[in-house]
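Here is the structure we will look at, set down as structure tokens.
The values are calculated or read from the model by the stated rules, or taken from the named source; none is laboratory data. None of these values were measured; they are calculated from a predicted model. Glycine also receives a Cβ, built like all others from the backbone with ideal geometry; neighbour counts cover every protein chain displayed.
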């Protein structure tokens with residue numbers, strides 16, 4: 001658990017996930033699949049605050065989270081492995097997220113994730 005401004009990374013991740021997931025309709029936050037990283041050591045807190053079940057992939061089994069691995073590859077175009085993300089503003093990080101989510105995906109029938117997410121939000125309203 002790395003400390004960032006006196007707060008552990010696991011606490012920061014749990015709070016950020018709780019906030020992000022809590023803002024979604026319940027139908028869009030049923031489950032979360034995570035790798036074996038320590039960042040989600042407080043997964044029980046995430047489940048308790050959001051009613052989102054957390055599942056963990058088996059160690060050394062990236063195929064169990066293929067869409068995550070694909071996203072990591074896309075993000076590495078902007079952020080090479082090992083780069084310090086704290087040097088980027090929240091606005092710069094958000095811009096990369098927007099660009100990546102507007103990119104059509106073959107696995108989505110060439111739809112854009114942002115468009116599908118917007119449609120899902122509308123259908124839950």
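The residues in the stretch 108-125 that are more than 17 Å from residue 75 (Cα to Cα) and surrounded by 11 or more Cβ atoms within 10 Å (Cβ to Cβ) can be counted, and the count is 10.
Are there any helices (runs of 4 or more DSSP H) wholly within the stretch 1-86 with 1 or more residues that are assigned by TED's automatic domain parsing to the domain that holds residue 119 and surrounded by 15 or more Cβ atoms within 10 Å (Cβ to Cβ), and if so which? Let's see the steps before the verdict.
On the way: elements: 9-22, 43-50, 66-76.
It comes to 66-76.
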